[in-house]
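*Asks:* This is the structure, below, for whatever I ask next.
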Amino acid sequence: MGVRSRAAAAILSEAGFKEVYSMKGGINAWEGKVAEGVPEAGMAYFSSAVQPEELLGLAWLLEDGSRKFYTELSSLSKDMEAVALFQELSKAEEKHQASLVSLYKELSGRPFDSEFPKNLIREDPSDERMEGGMLLREALQWAEKKAIKEILELSVSLESNAYDVYLKMERKMEPENAKKVFKVLSAEEKQHLEQLTSFLEKKL
Amino acid sequence: MGISDYFKPVPSWSAEEVRTFLNEKGPEKYNLVDVRQPKEYEQGHLPGAQLIPLGELANRVKELDPNKPTIAY
């Protein structure tokens, strides 16, 4: 597969590892089997010099991408357990977006800014991305023809990147209220990650 | 800035490139990390690979030396 390895490589690069590679095609390619591609763009990482407010805007947009992905998956999937989980994840991402908006209001000291996050980051409908940087439309196209196991592998990758990013924000952000918000967000992403991995284990 | 400006692609190697690299270097020269689930690792893995499931990686980064070339699969 290689989708998880790219998420891993992104996490390691961000952690300061000097030279990181993800192996294309994963174990299948190693064993000489034909490996199917995964959505090409993405599984990359945050550039480092980003202002806190900008980071909130970016996080909001990525949550939005993941939320749409999970919403779509919940209507595509035929597995009832999967439908319930994807619905839950989609609702959780929505809640995260609300937390990010209220933190933005607190930090910027401005009254509600309906322009958030457009005032910080240019939005382009053809460039909607999910946590980890993967393009939403590519991921959705890919997911249409895939079995639940592979979709779960991709979801684990999304949540791993989200978890990693929020852990980092929690460490990096100075204001106490920001630290608190990111602590809650990272704890929730960790929980999603556990739900998704145990579901994936069942499908292996 | 647009959203894509915040992301950089992660370098990747083909299985052949990884094989060549592993053949040339001793195991003390690199990190080789299997980020799949334990069940998948047990069914077969690359020689000498260390298992760190992706979901645990963010918390277990310290187990790896950041100065060595690192291959994830």
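No lab work stands behind these numbers, since they all come straight from the coordinates. Everything numeric in this text was worked out from a predicted model, so none of it was measured. We place every Cβ from the backbone using ideal geometry, glycine too, and count neighbours over all the protein chains shown.
*Asks:* What shape does the stretch B:27-73 have by the C-alpha gyration tensor, where a ≥ b ≥ c are the square roots of the eigenvalues, rounded means a/c under 1.5, and otherwise prolate means a/b greater than b/c and oblate the rest?
*Replies:* Oblate, since a/c reaches 1.5 and b/c is not below a/b.
*Asks:* Listed highest first by mean packing, meaning other Cβ atoms within 10 Å per residue, what order do B:13-21, A:195-203 come in?
*Replies:* Taking the mean over residues of other Cβ atoms within 10 Å, the ranking is A:195-203, B:13-21.
*Asks:* Express the relative contact order of the stretch A:51-203 as a whole percentage, based on alpha carbon pairs under 8 Å and six or more residues apart in sequence.
*Replies:* Across the stretch A:51-203, relative contact order equals 26 percent.
*Asks:* Among A:SER99, A:SER5, rank each residue by its count of other Cβ atoms within 10 Å, from fewest to most, as a rough exposure measure.
*Replies:* Sorted ascending by nearby Cβ count, the order is A:SER99, A:SER5.
*Asks:* Got a sec to turn the phi values of the stretch A:3-17 into Karplus ³J(HN,Hα) couplings, 6.51 cos²θ - 1.76 cosθ + 1.60 with θ = phi - 60°, whole Hz, x for Gly and Pro?
*Replies:* Here the 3J(HN,Hα) series is 6, 5, 5, 6, 4, 5, 4, 5, 4, 5, 4, 5, 7, x, 5 Hz.
*Asks:* At 222 nm, what value in deg cm²/dmol follows for chain A if DSSP H runs of at least 4 each add -39500 (n - 2.57) and the sum is divided by all its residues, to the nearest 500?
*Replies:* -22500 deg cm²/dmol
*Asks:* Which of A:MET134, A:MET80, A:MET23, A:MET169 has the fewest other C-beta atoms within 10 Å, and how do the rest follow up to the most?
*Replies:* In increasing order of surrounding Cβ atoms, one gets A:MET80, A:MET169, A:MET23, A:MET134.
*Asks:* Let's see if you can work this out: charge +1 on each Lys and Arg Cβ, -1 on each Asp and Glu Cβ, no other charges. What is the dipole magnitude of the protein assembly as shown about its Cα centre, in debye to the nearest 20?
*Replies:* For this selection, approximately 360 debye.
*Asks:* Using 21 Å as the Cα-Cα cut-off, could you pick out the over-long pairs in B:LYS8/B:LYS39; A:LYS33/A:LYS149; B:LYS39/B:LYS68; A:LYS105/A:LYS183; A:LYS105/A:LYS172; A:LYS168/B:LYS8?
*Replies:* Going by Cα-Cα distance, B:LYS8/B:LYS39; B:LYS39/B:LYS68 fall outside the 21 Å limit.
*Asks:* What does the average come to when, for each residue of peptide B:26-38, you count the partner chain Cβ atoms lying within 10 Å of its Cβ?
*Replies:* Whole-number average of other-chain Cβ neighbours for B:26-38 is 4.
*Asks:* For chain A, what is the convex hull volume of its Cα atoms per residue in Å³?
*Replies:* Considering the Cα atoms of chain A, their hull volume per residue is 119 Å³.
*Asks:* State, as an integer percentage, the relative contact order of the stretch B:27-73 based on alpha-carbon contacts under 8 Å between residues 6 or more apart.
*Replies:* Contact order relative to length: 55 percent.
*Asks:* Moving on to the next point. As a quick test, which of the pairs A:LYS95/A:LYS146; A:LYS146/A:LYS202; A:LYS24/A:LYS78; A:LYS24/B:LYS25; A:LYS18/A:LYS180 have an alpha carbon distance above 22 angstrom in this structure?
*Replies:* As for pairs spanning more than 22 Å Cα to Cα, those are A:LYS95/A:LYS146; A:LYS24/A:LYS78; A:LYS18/A:LYS180.
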